[in-house]
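For reference, the structure is listed below as structure tokens.
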Amino acid sequence: MSAQSTGATSKKSRNYIFEIHFLRAFACIAVVGVHVTATHYYANEQTWHWFTYFLNQLGRFGTTTFAVISGFLLFYQVKRKGFEMGSFLKSRFSKILMPFLIWSLVYRVLTYHYDNQAAGDLWEELKKILMGESFYHLYFVAIVVQFYFIFPFIQKLFRTKTLMLVFAFIALIISYKFFGFNPGIEGALGEFLASKTFMPIWVFYFAFGGVLAYFWEEIVRFATKRPWQMLALALIISAGAVVEYKVTGQVSNRRLTNLINLPLLCIATIGIYPLLSKWRVINKPLKLIGQYSMGIYLIHPMILYLFANHMPKHYWTVANVPLMFAAVMLIAVLFIRILQFIPLSGFIIPVPKIKKSKRTVQSEFVENKVQKSA
């Protein structure tokens with residue numbers, strides 16, 4: 001293999017590992033920010049301060065970004081290694097379904113203990129789990145699980161760059177059409193079809209993750225060559241989000257504007273990586289948050305829930321919001337690290353490994369030299 005070829009391969013390895021963890025980190029920070037400020041809102045008699053409201057609304061990009069990342073990881077794996085049903089089912093069961101079920105039970109016990117929510121009959125409890133209603137954040141994992149049911153068929157139909165663009169276009173129409181969908185059906189089925197857990201509302205974000213996977217090298221090359229332009233784009237989108245909630249009022253993570261904003265914001269965030277990676281004090285924590293993002297997503301509402309039940313009221317001030325955010329992140333990371341010493345902890349909280357191949361180590365060495373010389 002030539003030096004040029006080795007360098008190209010090293011760059012591919014580095015890009016896949018670091019830019020995606022970087023995007024994960026920002027999605028994770030946004031989601032935690034939404035929930036910290038929402039907890040502060042309820043602790044203050046459902047009153048917003050302009051600062052907490054700003055953070056809450058700006059963080060509404062986080063969950064949809066996680067949907068993009070979920071789609072990316074699935075399609076990127078197929079692109080690189082093909083698809084094998086047995087491996088897919090085993091991987092999804094151990095990394096997503098088992099943690100989802102375990103944490104659904106954990107949160108059900110917490111609400112039973114603190115809120116005196118009595119257990120219903122078996123069907124009601126099962127429906128609550130399947131709908132992701134055991135706690136307020138688990139609905140998104142239920143959406144991801146729904147996408148797993150159609151993914152084996154989707155990946156078989158759309159396996160080229162052109163077909164992936166076709167899938168993204170079809171998915172865009174579906175997500176647009178199902179916005180505010182009312183099936184006019186009564187009962188459990190009607191509730192599900194009209195709920196935020198209904199996956200077709202989110203399918204475009206998974207599809208864009210597929211576009212990102214199939215055009216990964218081209219997108220990274222384009223975005224990382226223009227870091228300052230990408231930073232400007234991210235700031236423009238953020239400013240637009242502020243204008244949107246100022247004009248229309250409180251917005252959700254399923255708003256129609258995200259169909260345009262999210263793809264642009266994801267590409268912009270990837271392009272910003274070369275700027276922030278020069279700062280070790282920023283780069284290292286973001287990589288760690290990105291690596292632990294799934295665990296942080298599962299754990300942080302429990303930490304906030306315990307804070308809300310045990311922390312004295314006078315601590316719930318606006319000035320303490322940044323400290324509370326930092327405390328939640330730190331406790332979550334420490335919890336995950338301790339849990340990793342327990343056998344089979346991956347079934348409770350999956351932590352993706354950053355593989356230290358020879359090529360990756362060489363890439364990191366070059367990256368560190370660039371940082372020192374900058």
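Where a number appears in this text, it was derived from the coordinates with a stated rule and is not lab data. Remember, it's a predicted structure, so these values are computed and weren't measured experimentally. Every residue, glycine among them, receives a Cβ derived from its backbone with ideal geometry; neighbour counts consider all protein chains shown.
Key figures for this structure:
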{"quantity": "Packing rank of 187-194, 322-329, 142-149, where each peptide gets the mean count of other beta carbons within 10 Å, highest leading", "calculated": "142-149, 322-329, 187-194"}
{"quantity": "Residue exposure sequence - 133, 45 - by fewest surrounding Cβ within 10 Å", "calculated": "45, 133"}
{"quantity": "Listed pairs 95/196; 128/161; 79/284 exceeding 27 Å between Cα atoms", "calculated": "128/161; 79/284"}
{"quantity": "For the range 42-154, alpha-carbon Rg relative to the globular expectation (2.2 N^0.38 Å, N residues)", "calculated": "1.33"}
{"quantity": "Per-selection Kirkwood Rh - the range 261-313 (Cα, Å, 1 d.p.)", "calculated": "13.6 Å"}
{"quantity": "Amide H partners (placed H, <5 Å) of residue 340, local residues excluded", "calculated": "none"}
{"quantity": "Which of 349, 150 has the fewest Cβ neighbours within 10 Å, and the rest in rising order", "calculated": "150, 349"}
{"quantity": "Given charges at Cβ of Lys, Arg, Asp, Glu: the range 3-373 dipole, positive-most of 289, 98, 224", "calculated": "224"}
{"quantity": "Reduced Cα scattering model of the range 3-373, Debye log10 I(q)/I(0), q = 0.07, 0.09 Å⁻¹", "calculated": "-0.31, -0.53"}
{"quantity": "Under the Karplus curve 6.51 cos²θ - 1.76 cosθ + 1.60, θ = phi - 60°, whole-Hz ³J(HN,Hα) for the range 325-336, x wherever Gly or Pro sits", "calculated": "4, 4, 5, 4, 5, 5, 4, 4, 5, 5, 4, 5"}
{"quantity": "Net length gained if the chain between residue 257 and residue 339 were fully extended (0.36 nm per residue, minus Cα distance)", "calculated": "25.6 nm"}
{"quantity": "Order of 80, 60 - criterion: other Cβ atoms within 10 Å of each residue's Cβ, fewest first", "calculated": "80, 60"}
{"quantity": "Full-stretch length increase - residue 80, residue 119 - with 0.36 nm per residue and alpha-carbon distance subtracted", "calculated": "9.5 nm"}
{"quantity": "For the range 191-206 versus the range 46-110, the gap between their alpha-carbon centres in whole angstrom", "calculated": "14 Å"}
{"quantity": "Karplus (6.51, -1.76, 1.60) ³J(HN,Hα), θ = phi - 60°, over the range 83-94, in Hz, Gly and Pro reported as x", "calculated": "10, 10, 4, x, 5, 4, 5, 5, 5, 5, 5, 6"}
{"quantity": "Normalised per residue, the volume of the convex hull around the Cα set of the range 95-152 (Å³)", "calculated": "75 Å³"}
{"quantity": "Helix-only [θ]222 nm of the chain, DSSP H runs n ≥ 4, -39500 (n - 2.57) each, per residue, nearest 500", "calculated": "-24500 deg cm²/dmol"}
{"quantity": "Per-selection metrics, the range 214-298 (Cα): Rg and Dmax in Å", "calculated": "14.8, 39"}
{"quantity": "Amide N of the range 200-240 lying under 16 Å from the label point, which is placed 7 angstrom from the Cα of residue 150 along Cα→Cβ", "calculated": "200-211"}
{"quantity": "Label point distance in nm, residue 173-residue 191, each placed 7 Å from Cα along Cα→Cβ", "calculated": "3.3 nm"}
